[in-house]
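**Q** Just passing along the structure, written as structure tokens.
The values are calculated or read from the model by the stated rules, or taken from the named source; none is laboratory data. It should be emphasised that the depicted structure is a prediction, and the values quoted were computed from it without experimental measurement. Don't worry about glycine lacking a Cβ; one is built from the backbone with ideal geometry, like all the others, and counts go over all protein chains shown. Side chains are part of the model used for accessible areas, which takes the heavy atoms of the whole protein and leaves out ligands, DNA and RNA. Shrake-Rupley method; radii C 1.70, N 1.55, O 1.52, S 1.80 Å.
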Amino acid sequence: MDHSVPMLANFEALPEMLTAKDLEALLQIDRKTIYAYVQKGLIPHSRIESNVRFSKHQVARWLQERSFQPRPVYGKSAKRQ
């Protein structure tokens, strides 16, 4: 499985465990939203007492699973199989 995140050229240079602040910069999603995702169990994370951390590889996999892959567009004259 490819663990790269296309939008970030230096993905491998990131630490293995990311903070919500790191994730905010990576995903361009507000920290409050990230913490809401944590509370709802929507994003993979680890808890160390009251601290929340995110594995960069788990987050990359999570993003890949949610990526939209458009279907081929068929013209009016093309037959669908």
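**Q** Here are the criteria: (1) surrounded by 12 or more Cβ atoms within 10 Å (Cβ to Cβ); (2) within 24 Å of Asn10 (Cβ to Cβ); (3) free of Cβ contacts under 8 Å to residues at least 12 places away in the same chain. Tell me which single one Ala36 does not satisfy.
**A** (2)
**Q** Tally time: how many residues in segment 6-26 are of a type in the set (A, V, I, L, M, F, W, C), over 12 Å from the mean Cα position of the chain (by Cα) and surrounded by fewer than 11 Cβ atoms within 10 Å (Cβ to Cβ)?
**A** 2
**Q** For segment 7-26, which positions are of a type outside the set (Ser, Thr, Tyr), closer than 13 Å to Ser55 by Cβ and either in contact with a Leu (Cβ under 9 Å, 6 or more places away or on another chain) or in a loop (DSSP other than H, G, I, E, B) (or both)?
**A** Scanning segment 7-26 gives Phe11, Leu14, Pro15, Glu16, Leu18, Asp22, Leu26.
**Q** Can you tell which of Ile29, Ile43 is open to solvent by less than 40 Å² (accessible area, probe 1.4 Å), in a loop (DSSP other than H, G, I, E, B) and touching a Leu at 6+ places or on another chain (Cβ under 9 Å)?
**A** Ile43
**Q** Filter segment 46-79 for residues that are among the small types (Gly, Ala, Ser) and open to solvent by less than 70 Å² (accessible area, probe 1.4 Å) and give the result.
**A** Residues satisfying the conditions are Ser46, Ser55, Ala60, Ser67, Gly75, Ala78.
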